[in-house]
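See below for the structure under consideration.
The values are calculated or read from the model by the stated rules, or taken from the named source; none is laboratory data. Everything numeric here is computed off the predicted structure, so don't read it as measured data. A quick note on method: Cβ atoms are made from the backbone with ideal geometry, for glycine too, and the neighbour counts reach across all protein chains shown.
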Amino acid sequence: MRTIQEHLQKCVEEKIFPGAVYQYGTSEGILGHGAVGTLGIGRGPVNESTLYDLASVTKPLAALAFMKLLEEGLACLDDPIDYYLPDYAGHAKGNNTMFQLLTHTSVIPGQVQLYRTCHTKREMLDGILYLPPRDNVHQPVMYSSQGLIVIGEIISAITGKPLDRAMRELVFEPLGMADTMFNPPESRFANTASTEDCPWRGKVVVGQVHDENAVVMGGVGGHAGIFSTAADVAKVGRAMLTGLDAAGGQYLRRATIRLMTKNHTAHLNLARGLGWMCRDAHDSPAGDLFSENSFGHTGFTGTSIWVDPERDLYAVLLTNRVHPTREGGGIARARHIFHNLAVYHWEDVNSGT
């Protein structure tokens with residue numbers, strides 16, 4: 001059987017991505033980790049300290065911050081948007097709830113390129129407010145980055161702090177994620193993976209968020225903007241398995257973990273927890289072997305985390321598959337096989353072979 005290292009090296013040779021870092025393991029420790037390839041064209045090798053733009057893997061981390069506020073008694077899932085954001089009062093979206101935002105069942109439309117007409121954060125937020133509400137009857141679950149931008153603004157409203165500071169205090173610091181941040185400093189760029197040779201920006205992007213809407217937001221959003229390492233993202237996987245923080249104390253209550261990772265849309269077109277993707281019957285990023293109760297998230301740049309509570313297994317894969325262009329294919333299959341191989345290694349460890 002091909003090893004994960006061999007599989008990812010083959011992906012580099014096939015130009016699915018220039019490089020990748022991975023880690024997988026259980027609540028007891030790491031089962032495998034490594035790095036392959038380069039930071040980008042003409043750049044040096046990837047290592048396990050390389051920063052990657054997590055893209056939409058930001059979303060479950062923002063959801064985690066919101067659920068910490070729910071645990072503190074500062075929020076609940078039936079709260080409407082206009083309870084926190086008065087600008088939404090009287091608008092069609094204003095009575096949509098936190099539950100709807102986190103499960104992508106709100107009437108806020110999906111992937112809208114607002115950056116083409118919005119040039120400041122204020123314009124972006126107004127653009128979301130005035131987007132025509134979508135028809136959510138024929139496609140009840142619609143992936144909406146705009147909905148998670150609103151969640152980010154609500155986290156800021158509840159805490160009275162900018163989102164990057166709130167995320168640091170609610171998620172990064174408790175979980176010991178010292179290499180996780182929005183807007184990494186220039187001193188980290190030398191070991192940050194390149195993303196797209198971006199026509200909109202007229203340059204190869206390194207150290208600035210890839211998502212254009214997030215750029216207009218100042219690099220900080222509930223939908224995208226976080227940079228991290230595989231080792232740090234793995235800490236989220238372990239926290240979702242154990243409920244523990246970096247010091248071994250309670251971080252999440254079991255009831256919160258169950259609520260976040262339950263498939264709340266099993267009767268609809270896509271399987272969604274609260275900020276997490278659940279396992280769809282077909283074409284799931286989880287691959288063939290992760291359990292039906294597994295959950296995770298992917299990012300457009302080529303990143304992912306997947307967690308299987310039945311096996312006590314997490315798997316993190318960070319790539320920059322959008323370098324030099326987003327047009328390349330193969331990441332879905334590469335991720336699929338990565339998850340399969342992680343499960344087989346887990347089985348070998350547990351069987352003693």
- Query: Yes or no: V46 more than 16 Å from E169 (Cβ to Cβ), touching a Leu at 6+ places or on another chain (Cβ under 8 Å) and not basic (K, R)?
  - Reply: yes
### Message
Kindly evaluate Y251 against the criterion of being closer than 20 Å to T3 by Cβ and not small (G, A, S).
### Response
no
Every listed condition ((1) more than 17 Å from the chain's Cα centre (by Cα); (2) over 25 Å from V46 (Cβ atoms); (3) among the aliphatic types (A, V, I, L, M)) holds for V220 save (1)
Restricting attention to the range 281-307, the residues that are over 15 Å from R258 (Cβ atoms) and either among the aromatic types (F, W, Y) or within 17 Å of the chain's Cα centre (by Cα) (or both) number exactly 15
With respect to A281, determine if the residue is out of contact with any helix residue (DSSP H, G or I) (no Cβ under 8 Å at 6 or more places or on another chain), touching a residue at least 12 places away in the same chain (Cβ under 8 Å), farther than 22 Å from L70 by Cβ and surrounded by fewer than 23 Cβ atoms within 10 Å (Cβ to Cβ).
no
Per the list (1) in contact (Cβ under 8 Å) with a residue 60 or more places away in the chain; (2) in contact with a strand residue (DSSP E or B) (Cβ under 7 Å, 6 or more places away or on another chain); (3) crowded, with 21+ Cβ neighbours inside 10 Å; (4) not aliphatic (A, V, I, L, M), residue check on G275 breaks on (2)
The residue from H297, H339 that alone is closer than 23 Å to A35 by Cα and in a helix (DSSP H, G or I) is H339
Quiz item: Given the structure, is L241 of a type outside the set (S, T, Y) and crowded, with 23+ Cβ neighbours inside 10 Å?
Solution: no
Matching residues in the range 207-228 (assigned to a loop (DSSP other than H, G, I, E, B) and either at pLDDT below 95 or closer than 18 Å to T325 by Cα (or both)) number 5
In the range 155-208, anything surrounded by 16 or more Cβ atoms within 10 Å (Cβ to Cβ), over 30 Å from A247 (Cβ atoms) and out of contact with any Leu (no Cβ under 9 Å at 6 or more places or on another chain) is listed as T195, E196, D197, C198, V204, V205, Q208
Filtering the range 117-147 for residues that are assigned to a helix (DSSP H, G or I) and under 17 Å from F300 (Cβ atoms) leaves a count of 3
Of (1) more than 20 Å from H210 (Cα to Cα); (2) in contact with a Lys or Arg (Cβ under 9 Å, 6 or more places away or on another chain); (3) assigned to a helix (DSSP H, G or I), V150 fails just (1)
If we keep only residues of the range 145-193 that are closer than 16 Å to A63 by Cβ and of a type in the set (S, T, N, Q), then the residue farthest from the chain's Cα centre (by Cα) is T159
Say whether the condition of being in a loop (DSSP other than H, G, I, E, B), in contact with a Pro (Cβ under 7 Å, 6 or more places away or on another chain), modelled with pLDDT of 95 or more and crowded, with 16+ Cβ neighbours inside 10 Å is met by at least one residue in the range 66-84. no
Listed by first then second residue, the pairs whose first member lies in the range 95-115 and is at pLDDT 95 or above, whose partner is of a type in the set (F, W, Y) and in a loop (DSSP other than H, G, I, E, B), with beta carbons under 8 Å and at least 6 positions apart or on separate chains, are H104/Y143; Y115/W200
Flag if L31 is closer than 16 Å to L341 by Cα, of a type in the set (A, V, I, L, M) and modelled with pLDDT of 95 or more = yes
Going through the range 31-77 in order, the residues found to be within 19 Å of the chain's Cα centre (by Cα) and on the phi > 0 side of the Ramachandran plot are A55
